[in-house]
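Before any comments, here is the structure.
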Amino acid sequence: MISIFKKTVKIRKSLESILIGIIVLIVSITTTHAQSNELLQSRIRLFEAWLNTLMSDQSLRGVSVSLVQNQKLIYAKGFGVSDFEKQSPATESTNYRIASITKLFTSIALMQLVERKKIFLDTPVVEIIPELRAIKTNGHSVEDITIKSILTHTTGLPTNPNFLLDKRGQNQALVLDEFLKGLAQQSLLFPPNRIHKYSNLAMNLGGLIVERVSGLSYEQYIQEVILTPLQLESTRFPTDSETTKVIGYSRIVGGQRLKNEFPEMASVLGLPSSGLISTVTDLAKFISWHFRTLSAEDQTLLARATLSEMLKVQWVPLPIELHPMLNTALALLANTLELGGTGLGYFREKEFVLHSGGLMGFASELVMDNQNKLGVVVLSNTVEAPVYFNHPQSISRNLYEMIGRVLADPKSFDRPLLYAEYENLYSDDHHWHYYVTEMGENLILLNMREGMPLARPVVLSKVGTDHFVDPNHEGIYAGEFSVYFQRDQNGKVDSMIVKNNKLYPKD
């Protein structure tokens, strides 16, 4: 009896230990999750403060952004307006013209046909589109243009189909095969498969190949075989009635932005190269499909091996003619060292896979970090909005650096925020725009007027109550750069003094 009692006590203590362990684990997970949300929300506030400052400084009309991690949409938001005159807000659901990001869908369609052995990467385009022989060859061989040439932008063809934009006249939309009639007035500029030259004309040939090989219209194929399976419900080829829903705005001319210059531009360039409209949330779904496929979780549209091959560097875009054998060696080197290059429809920039787009009044960028399964999308209805990843004031890179980096580094979730009471955007509503936040265990000051604020933080050291200095400051205020935080009668921080300037929070 005593033995049974001892065993019961022992079992009970074991169960209690297990229960305590579970409780500790739950508390630990909950605390870490709360801290991760705290840090993530802090970085989101930083990004929004920076972007709002940029939009105000540059009079940008509308910008929508999204950030996805694997299968989860972490962040999506719109800023500014989709129609300045009506003051219609830009949101995460605003449909923008995505311009050349359309080429990714055309490229996927071509690779689907390659997978099904309907065509091959080395299939000569003239076998499917014999009308291409009408182009002036300049002594080059048009028969050497292949499906792979289209996907790597090495066809040697001109940038655009033969058309003329007339601001005072009527510009006709380009029916998919109508551009073939203008080939006789165009010329091969370079020998195929020797030099990289970006070409909307070539991608239009790709769309026509999809039509002729599949038996479906290009629009029908993209809708039924790609958009519908991925449930991209807001991504489509717009009708004429949709052209005024989101207004595209020009560069500032005479102190103002012109609206809707050449609204038919996408169809004039050709639907396979630039015709789709989409939202940042739909394109986040599109990015998630990439991550699923690369993880072999979803191979309904493309096999994992096929998509992986599309994302590898296939051509190194040097400004010289390259023999294919030399390019093969350079491409191998570029993939090994994670250098830039051109894939099959995609572009590589070190560890990032990306594609940009631009039309009269619109700018777009899609970027993927496949290693960390992070993706960002930025769409704008202002033509010179700095959405592009390599722009000095890049919206897409700041979105990745400010928010994405937090998600890519789980260790950053382990530390609670130390200076949350100081965090804010402090401004004089004209010249000074400083954001106060923290990095590591330091309070930092970020100039919101810099293109990449996190690249040059002012790291502050505490020297007293609400008093900080930058001991390493260089320039005119070297040795005397100080920051004081002032509080109201309730003890809340209500202003910041930076050297001789008193700035107020933008709550």
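Go through 84-95, 271-282, 486-497 and give me the packing order, highest mean Cβ count within 10 Å leading.
Ranking, from highest mean packing down: 271-282, 84-95, 486-497.
Residue by residue, what Karplus-based ³J(HN,Hα) values in Hz, rounded to whole numbers, does region 179-187 have, using 6.51, -1.76 and 1.60 with θ = phi - 60° and x for Gly and Pro?
Going residue by residue, I get 5, 5, 5, x, 4, 5, 9, 10, 9 Hz, with x marking Gly and Pro.
So who's got an amide H within less than 5 Å of the one on Tyr75, skipping anything under 5 residues away but keeping other chains? H placed 1.01 Å off N, in plane.
Leu67
From the phi of every residue in region 150-165, what ³J(HN,Hα) in whole Hz does the Karplus formula 6.51 cos²θ - 1.76 cosθ + 1.60 yield, where θ is phi - 60° and glycine or proline is x?
4, 5, 9, 6, 10, 6, x, 7, x, 5, 10, x, 7, 8, 10, 7
Just how much of His467 is accessible, in Å², when a 1.4 Å probe is used and the result is rounded to the nearest 10?
40
If DNA, RNA and ligands are ignored and the probe is 1.4 Å, what is the ranking of Tyr419, Tyr218, Tyr198 by accessible area, most exposed first?
Ranked list, largest accessible area first: Tyr198, Tyr419, Tyr218.
Against the longest alpha carbon principal axis of the chain, how many degrees, from 0 to 90 and to the nearest 10, is the axis of helix 2-58 turned?
It is inclined by approximately 60 degrees.
Which whole-Hz couplings ³J(HN,Hα) result when phi for each residue of region 310-327 is put into the Karplus expression 6.51 cos²θ - 1.76 cosθ + 1.60, θ = phi - 60°, listed in order with x for Gly and Pro?
Once rounded to whole Hz, the list reads 5, 8, 7, 5, 10, 9, 9, x, 7, x, 9, 6, 10, 6, x, 5, 5, 4.
I'd like the GluC sites (Glu not before Pro) in region 405-498 restricted to DSSP loop residues with at most 11 other Cβ atoms within 10 Å, sorted by number. Could you put the intermediate results ahead of the total?
Numbers: sites: Glu421, Glu423, Glu438, Glu441, Glu450, Glu474, Glu480; in loops: Glu423, Glu441, Glu450, Glu474, Glu480.
Answer by residue number: Glu441, Glu474, Glu480.
Can you give the Kirkwood hydrodynamic radius of region 413-507 from its Cα pairs, in Å with one decimal?
Hydrodynamic radius (Kirkwood, Cα only) of region 413-507 equals 13.8 Å.
If you rank Thr437, Thr328 by how much accessible surface each has, with a 1.4 Å probe, what is the order from largest down?
Per-residue accessible area, sorted high to low, gives Thr328, Thr437.
Quick check: pseudo-label points 7 Å beyond the Cα along Cα→Cβ at Ser56 and Glu450, how many nm apart are they?
1.9
Report, in listed order, any pair from Lys197/Lys259; Lys136/Lys197; Lys350/Lys373; Lys117/Lys148; Lys462/Lys499; Lys148/Lys350 with a Cα-Cα distance greater than 26 Å.
Table pairs above 26 Å Cα-Cα are Lys197/Lys259.
What residues have an amide H closer than 5 Å to that of Gly275, excluding those fewer than 5 places away on the same chain, when H is modeled at 1.01 Å from N in the peptide plane?
none
What number in nm² do you get for the chain if you take the convex hull of its Cα atoms and divide its surface by four?
Averaging across all directions leaves 35.0 nm² for the Cα convex hull.
Subtract the Cα-Cα distance of Lys506 and Lys411 from 0.36 nm times their separation in residues, and report this length gain in nm to one decimal.
31.2 nm
Between Ser495 and Ser217, what length in nm is gained on full extension when 0.36 nm per residue of separation is reduced by their alpha carbon distance? Walk me through the numbers on the way to the answer.
Working: separation 278, 0.36 × 278 = 100.08 nm, distance 6.16 nm.
The span from Ser495 to Ser217 would gain 93.9 nm if fully extended.
Would you pull out the residues with amide H under 5 Å of Phe347's amide H, same chain only if 5 or more places away, H placed 1.01 Å from N?
Here Leu354 satisfy the definition.
The values are calculated or read from the model by the stated rules, or taken from the named source; none is laboratory data. Since this is a predicted model, take the numbers as computed values, not measurements. We place every Cβ from the backbone using ideal geometry, glycine too, and count neighbours over all the protein chains shown. Just so you know, the surface numbers come from the protein's heavy atoms only, side chains and all, with ligands and any DNA or RNA stripped out. Shrake-Rupley method; radii C 1.70, N 1.55, O 1.52, S 1.80 Å.
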